[in-house]
Amino acid sequence: MKICCLLKRFLLVLPIFFGPNVEAFTGTYGINYGRIADNIPSPDDVVTLLRADKIKNVRIFDADHSVLKAFSGTGLELVVGLPNGFLKDMSSNPDHALTWVKENVQAFLPETHIRGIAVGNEVLGGDDLLLWEALLGAVKNIYNATKVLQIDDVVQISTAHSQGVFNSTYPPSSGIFKENVMQYMKPLLELFSQLGSPFCLNAYPFIAQKNNPSEIDINYALFQPNKGIYDQEAGLHYDNLLDAQIDATYAALEDAGFKKMEVIVTETGWPSHGDENEPTATVNNARTYNSNLRKRLAKKKGTPRRPKSVLKVYVFALFNEYMKPDPTSERNFGLFKADGSISYDIGFSGLKSSSAASSILPSKV
């Protein structure tokens, strides 16, 4: 008990010293591996699938040990998640943060290439103000834990934000954070700026187009030929919505005083099926979006506002997850079906069938 109390006091006053910046995303194309389903392939078969399709960067939303063990020795690079339900405890109990990092990250290094910890997901802009208040403390304590365990030079700390943090995003140059978000966002950005962490954005052109079908051309959302938009203030032309959403984020960061912070997209995708009020959630549109996104990332270019910053994107998601709540689209973002077969062809090969999950078709990429 005395040791625990002393450790807690030590972590509470531990100053944050910044070492070399860590980069959790070393490519341009990654994927989110969600598991809100009990009928998807095992972690070992997922590894086989990812390696065959040459997808190296992977995000999970927790630190499930069966996944971490399966990824051991594979060379795949993983970002683990600290779920929102842990934030309040991690913010108020530095010793708990140390234990969590020790048991769920350090214990699997270096065999499992854990490159980052995402502390919470879409907290700011959400509806739980207590989580808003806990986020910064949780981030600090998780980072301090990596310092104590001497893994801060290999594991990057981040958190992902939804579009809900913005007051304005159109035109892109008018991007600005909501006033009530800024008091929580500013100190978080200051910390991430010192750590060299990027601003992680969950961006869904599907949702934007669904909510504004009369104003947003479906082709603009799908990277298809269209007249685009012209941002008169910035003097920039946009031919797709994702670039515009990213540049609105850059504009908001500049307005907040963080002109050098990188933006990476930690979630984006398009569902292949939806409800009656989601008419654009079709297999054809999902194929078009994800195929065009792959082509766009393969060019290794930036956005109109940041042409030299190569865009990095984690696609959402690896599998359809039937246990997710409504709307129907939420359960149908997968590039692969529950049995591991492809949802549609964008150049990836899937598992042959659920009964032969360890066998894969020849890779097409």
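The values are calculated or read from the model by the stated rules, or taken from the named source; none is laboratory data. Given the structure is predicted, the values throughout are model-derived calculations rather than measurements. So basically every Cβ, Gly included, is an ideal-geometry build from the backbone, and we count neighbours across all protein chains shown. The accessibility values were calculated without ligands, DNA or RNA, using every heavy atom of the protein model including side chains. Shrake-Rupley method; radii C 1.70, N 1.55, O 1.52, S 1.80 Å.
Applying the condition of being open to solvent by less than 20 Å² (accessible area, probe 1.4 Å) and either touching a Cys at 6+ places or on another chain (Cβ under 9 Å) or in a loop (DSSP other than H, G, I, E, B) (or both) to the range 199-224 and asking which residue is farthest from LYS312 (Cα to Cα) yields LEU222. Out of LYS295, LYS227, LYS300, one residue alone is in a helix (DSSP H, G or I), at pLDDT 95 or above and surrounded by fewer than 14 Cβ atoms within 10 Å (Cβ to Cβ). It is LYS295. Would you call ILE114 crowded, with 20+ Cβ neighbours inside 10 Å, part of a helix (DSSP H, G or I) and out of contact with any Gly (no Cβ under 8 Å at 6 or more places or on another chain)? No; evaluated as a whole, the condition is false for this residue.
For the range 307-327, the set of residues classified as among the charged types (D, E, K, R) and open to solvent by 50 Å² or more (accessible area, probe 1.4 Å) consists of LYS308, ASP326, listed by residue number.
Filter the range 142-155 down to the residues that are open to solvent by less than 20 Å² (accessible area, probe 1.4 Å) and either closer than 18 Å to LEU188 by Cα or in a helix (DSSP H, G or I) (or both) and list them by number. Residues satisfying the conditions are ILE142, TYR143, ASN144, ALA145, THR146, VAL155. With part of a loop (DSSP other than H, G, I, E, B) and open to solvent by less than 60 Å² (accessible area, probe 1.4 Å) as the only criterion, which of ALA281, ALA248, ALA252, ALA286 stands out? Result: ALA281 is the single residue among ALA281, ALA248, ALA252, ALA286 that is part of a loop (DSSP other than H, G, I, E, B) and open to solvent by less than 60 Å² (accessible area, probe 1.4 Å).
Determine whether LEU293 is touching a residue at least 40 places away in the same chain (Cβ under 8 Å) and over 21 Å from the mean Cα position of the chain (by Cα).
no
Within the range 22-50, residues that are over 23 Å from THR268 (Cβ atoms) have Cβ atoms under 6 Å from residues that are assigned to a helix (DSSP H, G or I) and modelled with pLDDT of 95 or more in these pairs: PRO43/SER66; PRO43/VAL67; PRO43/ALA70; ASP44/ALA70; VAL47/ALA70, counting only partners at least 6 apart in sequence or on another chain. Does GLY196 qualify as being crowded, with 18+ Cβ neighbours inside 10 Å and more than 22 Å from ASP127 (Cβ to Cβ)? No; evaluated as a whole, the condition is false for this residue. Take LEU135 and decide whether it is under 14 Å from SER158 (Cβ atoms), in a loop (DSSP other than H, G, I, E, B) and open to solvent by less than 20 Å² (accessible area, probe 1.4 Å). Against the criterion (under 14 Å from SER158 (Cβ atoms), in a loop (DSSP other than H, G, I, E, B) and open to solvent by less than 20 Å² (accessible area, probe 1.4 Å)), LEU135 does not qualify.
Here SER158, SER72 are screened, and the one residue that is open to solvent by less than 20 Å² (accessible area, probe 1.4 Å) and not in a helix (DSSP H, G or I) is SER158.
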